[in-house]
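> Okay, here's the structure, questions in a sec.
The values are calculated or read from the model by the stated rules, or taken from the named source; none is laboratory data. Values in this document were obtained by computation on a predicted structure and should not be read as measured data. Every residue, glycine as well, gets a Cβ built from its backbone with ideal geometry; the counts of neighbours run over all protein chains shown.
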Amino acid sequence: MAVLASGIAPHHITVFLLSVGVMLGLARFLGEAARRMGQPAVLGELLAGIILGPTVLGAVAPEAWAWLFPELVDPARDVYDFSYVALEMLVTLSAVLLLLVAGLEVDLSSAFRQGRATILVSLTGMIIPFGIGFVLAWFLPGPLGLGPELDRLPFALFVGIALAITALPVIARILMDLNMAKSDFGALIMSSAMINDLVGWIGFAVVLAMVHTGTSEGHGLGLTIALTLVFVATTLTAGRWLIHRAFPWLQANLAWPGGVLAFVFVLAMVCAAFTEWLGIHSIFGAFIVGVAVGDSPRLTRRAKDTIHDFVSNIFAPLFFASIGLRLHFTEAFDPPLVAIVLAVAILGKVLGSYTGARLARLGPRRSWAIGFGMVGRGAMEIILGQLAYNHGLIGEELLVALIVMALVTSMLTGPMMQWLLKGKRPRRLGEVLTHETFIPALRATDPRNAIAELAAAAAAAAPGVDARELAREAWRRERITPTGLANGIAVPYGHHAGVRTPLVVLGLSHAGIDFDAPDRRPAHLVCLLVTEMHDFEAQLELLEMVAHAFATPEARAAVRSAGSLTQLKAALTTTALADDEHAPEATGGCPE
C-alpha cells in the first residue's frame, strides 16, 4: 500500500480527525439509542457506518462522502490518501483491542473445572455446525460467494468456523439480564462458549495461514501453523505463569490502574505484532494474551471492567461503524444467501449444543435452552466476517449475510431461553425462610467460613443434609465462579443428594464479606441456595426469588436492619410491590 509522496499535509490531519469524530459521535449516539430500545449497541454502531458509507451518504451526497472518507488518490499507481491509511490503522487497532477484551472474558480454569457437561456441549456445539457449514461451502461454493482466485478448502473451513463460533460477551450479557449468570445453568453455557471461542479463533488463524501461504509475507503453511501452536502453548502455560507472578509486583510498585493497564496493553501489542508477522493477523495474538491475562485471579474484576469500558466506548464503535464505510449494504444484500446462512447457523448450533446437553444427561427442556443459549453470535461474528472480507476469503454478499445472522441470533437468544425455562411464578422469599434458615448476624468474615455457617443452618433445617459435604461443594463452586452480585448481595450455591425441597438460607453480615462482586462492594445479604443434584430449574427459581426480594434499595436496607424472622418477613412483605417493579436491579451492575 502506497501513501502520498508529498507526505502529511494539514488537510490530511483535518480530514482524519473530522472523520474519526463523526464516526465515533454517530456510532455512540445510535449505539445508546439501540440499547435504550433493548437491542445490542452494535446494531446502532453498524447503522452509523451504513449511514456514513456508500449506502446512504455516498448515494445522497457522493462528493461529501468522498471528501470525508477518501480512499484512492491515483488508482493507476495504487496511491492512497493518508487520512484513509490512518483511519485503516485505527480500525485495525480497534479490532486488536476488541479481541483483547474478548480474551479477558475467557476463564479457562473455570471452563475446564465445569466437567463433562461443558466438554460435551462445547464439542458437539462446534462439530455439528462446523460440519454442516463445511459441507455446504464445499459443495455449493458458488452460491456462497467463492471467488475464482481462492481455493475451496480455506473457504469451506472459514464458513464452518463462522457457523460454529459463539460470542461470549453477548452470551454473558444476556445471562446477566435474565438473572442466570451466577447459576450452574449459566456457568455451563459460559464455559462452553469460552471453549468454542478459543478453538474457533485458533481455527481461523490456521485458515489465514493457508491463505497467506505462497505470498511474500508468508512463511510456509507448515512453519506458520507450527509457530502458531508453539505461540499458543507457550503463552497459555509459561506465559500465563509469568503474568500471574508479575501482577503482585506491578500492583505494589506501579500506579493503579495505570501500571496494570499499560502492562496488559503492551503485552497485547507485542504479541499482536508477532502474529501479524506470522501471517495470521494481529487480532489473534491479542486474543491469546487476553486469555492468558484474564485467567489470572490477580487481575481484579475492576481492572477488567476498566479495560472493557475503555475499549467498548471508544474503539468498538469505531470498528463497527467502519464496516459500513466501504460496503454497500443494499447492493450486497442477497435474500436467499441471508436465509441460508441464518437457517444453518441457528439449526446447526442449537442441534449441536442440544445433543451435547442430552449426552450429559440433562433434561430435554434444559437441553433446548442450552442450545439457544449458545446460538448468539453478536460482535465476534461480525469481527470474524470483516477480517475474512479484508483478507479476500469472502465477498460482500456473504459478509452482509454474516452480519445479519449475528444480529438476529443475538436478539433471538434471550427470548427463547426465557420461554423455554419459564415456569410457575416463584414463591416469595419470606414464604420459604424459617427460624433455622435465617441468621440475623453472621459470625464469619470471609466467604469460605460464611458458606460453612450457612451450610450448618441448612443441615439443621433439612436432616438429610450433611453440613460439611454441602459446604465443601458450595465452596468448590464458589472458586469456579464467584457469586457476588451488585448492591451488596451474594448467592453461593450448593447441591446435595439429601435435599428434598429446595432451600434458601439467608445470613446478614453487618461488616460485609468480599464475594468478588462486580461493583467491588462487600456482601451484606448472603443467600445460600441448596437444591438436589443438577436441579437447574429449582436453582433458577431461587435466584429469581432473591432478585425479587432484594430488588430496590429500600428492600435491601429494610432486610439488613431485621433482627428477627418476624421483622424480616415484615420487611419483605412491605417492599414486595417495589420489588416487582424494579427486580432487574438486584442482579445488575456488570458492564456490557
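> Among the candidates M417, M411, single out the residue that is more than 19 Å from K569 (Cβ to Cβ) and out of contact with any Pro (no Cβ under 8 Å at 6 or more places or on another chain).
Going through M417, M411 in turn, the sole match is M417.
> Exactly one condition in (1) in contact with a helix residue (DSSP H, G or I) (Cβ under 7 Å, 6 or more places away or on another chain); (2) of a type in the set (V, I, T); (3) at pLDDT 90 or above is false for I383; which is it?
Here I383 clears every test but (3).
> Scan the range 472-489 and tell me whether some residue there is assigned to a helix (DSSP H, G or I), at negative phi and crowded, with 23+ Cβ neighbours inside 10 Å.
Yes - at least one qualifying residue is present in the range 472-489.
> May I ask you to verify whether G414 is small (G, A, S), crowded, with 18+ Cβ neighbours inside 10 Å and in the same structural domain as M374 (by TED's automatic domain parsing)?
yes
> Do you know which residues across the range 537-561 are under 28 Å from H495 (Cα atoms), modelled with pLDDT of 85 or more and not in a helix (DSSP H, G or I)?
Within the range 537-561, F550 is the sole residue that qualifies.
> Report every pair of residues separated by at least 6 positions or lying on different chains whose Cβ atoms are under 8 Å apart, first residue within the range 323-352 and on the phi > 0 side of the Ramachandran plot and buried (at least 21 other Cβ atoms within 10 Å of the Cβ), second modelled with pLDDT of 90 or more and part of a helix (DSSP H, G or I).
Close Cβ pairs satisfying both conditions: none exist.
> Further question on the same structure: Which of the following residues is aliphatic (A, V, I, L, M) and either more than 27 Å from L506 (Cβ to Cβ) or modelled with pLDDT of 90 or more (or both): L433, L421, L454, L429?
L454
> Next up: Of all the helices (runs of 4 or more DSSP H) wholly in the range 325-420, which have at least 3 residues that are among the small types (G, A, S)?
The helices (runs of 4 or more DSSP H) meeting that bar are 335-359, 364-373, 378-390.
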